[in-house]
Amino acid sequence: MKIVVAIKQVPDRDAPVHIDATGKWIEESDLQWTMNEPDAYALEEALRLKEAHGGEVVILSAGPERVGTTIREALAKGADRAIHIAADELGGRDALGVAKLIAEAIKPESPDLILTGLQSEDLGLGQTGVILAELLNLPHASLILHVEKTEAGLKVKRELESGWFQEIELPTPAVLTIQSGGNKLRYATLMGIKKAKTKEMRVLNSDELAPAASPTIVLEQVTLPSKQRSTQILPGNAKEAATALVEKLKFEVRVI
């Protein structure tokens with residue numbers, strides 16, 4: 001079973017964020033970078049399937065040279081080889097543009113299964129995996145917590161709203177977008193880190209795979225959230241004010 005896992009390198013969630021001089025993106029020079037968490041769960045699901053059924057796990061990631069560190073991390077955890085789409089201009093591509101890059105890199109691999117994270121932690125669009133399935137003309141399912149291989153294809157568990165779940169079956173090849181929290185993530189071992197240095201990492205040029213033009217403007221302007229304070233006085237006696245407060249916490253703030 002050949003599984004391709006698309007991963008993205010994103011800024012560390014605890015890194016201080018500053019807007020760059022253009023006002024259209026964040027300043028990247030002083031950031032620390034890490035693997036997108038939903039993609040880490042996609043990798044974990046792929047590795048578990050490989051351990052249970054054999055096969056190969058191929059990592060696919062697009063971005064500048066620094067992405068190589070995240071790719072090596074995935075290889076150290078147990079992936080077999082990797083494909084790096086060298087793309088310095090990735091921030092200027094919309095979800096369709098990124099999905100086209102990934103699709104063109106995947107086609108020669110002819111995998112049985114393609115896994116992506118549900119969404120990225122930086123942009124949070126949640127579109128790339130679904131568009132990828134459409135471009136490849138493959139069945140897909142989202143919000144996946146667990147994948148089970150069957151004789152006919154796959155049986156997956158999806159997370160729905162309000163604590164509900166759904167189990168569906170799909171044929172292969174297929175594309176799945178993985179929800180965080182389905183499994184416990186593993187750490188790279190010292191032996192895995194050593195082996196990762198010798199594993200294949202093929203580099204592809206983004207311009208040769210798909211043009212950089214995107215039909216939408218990804219980010220016209222980026223601003224930090226504004227800080228503001230507001231006070232609301234609830235009228236009535238203590239009992240009436242407490243009732244109104246509970247209603248607001250339940251239906252407006254939705255914390256109870």
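Tabulated data
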read-out	value
Percentage of interatomic Cα-Cα distances in region 2-209 larger than 27 Å	27
Spatially proximal lysines relative to residue 250 (Cα-Cα < 21 Å; intrachain offsets below 8 disregarded)	239
Built amide H within the under 5 Å cut-off of residue 140, gap 5+	175
Degrees separating the helix 95-106 axis from the principal Cα axis of the chain, which is the longest one	20
Cα gyration tensor category, rounded, prolate or oblate, for region 99-256 with a/c compared to 1.5	prolate
Gyration tensor (alpha-carbon) shape descriptor, region 127-212, a/c threshold 1.5	oblate
With eigenvalues of the C-alpha gyration tensor scaled by 5 and rooted, region 106-158, Å	20, 16, 9
GNM result for the chain, Cα springs below 10 Å: residue of 190, 113, 154 fluctuating most strongly	190
Cα-based helix-to-principal-axis angle, 238-251 vs the chain, degrees rounded to 10	20
Computed [θ] at 222 nm, deg cm²/dmol, the chain (DSSP H ≥ 4; -39,500 (n - 2.57); rounded to nearest 500)	-8500 deg cm²/dmol
Fraction of antiparallel bridges per DSSP, region 2-209 only, in percent to nearest 5	35
Residue-span extension gain [residue 13 to residue 27] - 0.36 nm each, minus C-alpha spacing	3.6 nm
Packing rank of 175-188, 229-242, where each peptide gets the mean count of other beta carbons within 10 Å, highest leading	175-188, 229-242
Packing-based order for 68-79, 197-208, 43-54, using average beta carbon neighbours within 10 Å, highest first	68-79, 43-54, 197-208
Label-to-label distance, nm, for residues given as residue 151 and residue 200 (7 Å Cα→Cβ offset)	3.4
Between region 79-148 and region 1-39, the Cα center-to-center distance that results, in Å	16
Added length on full extension, which subtracts the Cα-Cα distance from 0.36 nm per residue, residue 247 to residue 69	59.2 nm
Most mobile of 19, 83, 102 in a GNM of the chain (Cα contacts under 10 Å)	19
Given charges at beta-carbon only (K, R positive; D, E negative), |dipole| of the chain in Debye	700
Crossing angle, helix 37-53 versus the chain [Cα axis fit, 0-90 degrees, rounded to tens]	40
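Quick note: the coordinates plus some simple rules give every number you see, no bench work behind them. Fair warning: this is a prediction, and the values are worked out from it, not measured in the lab. Positions of Cβ are generated from backbone atoms using ideal geometry, with glycine treated the same way; all protein chains shown enter the neighbour counts.
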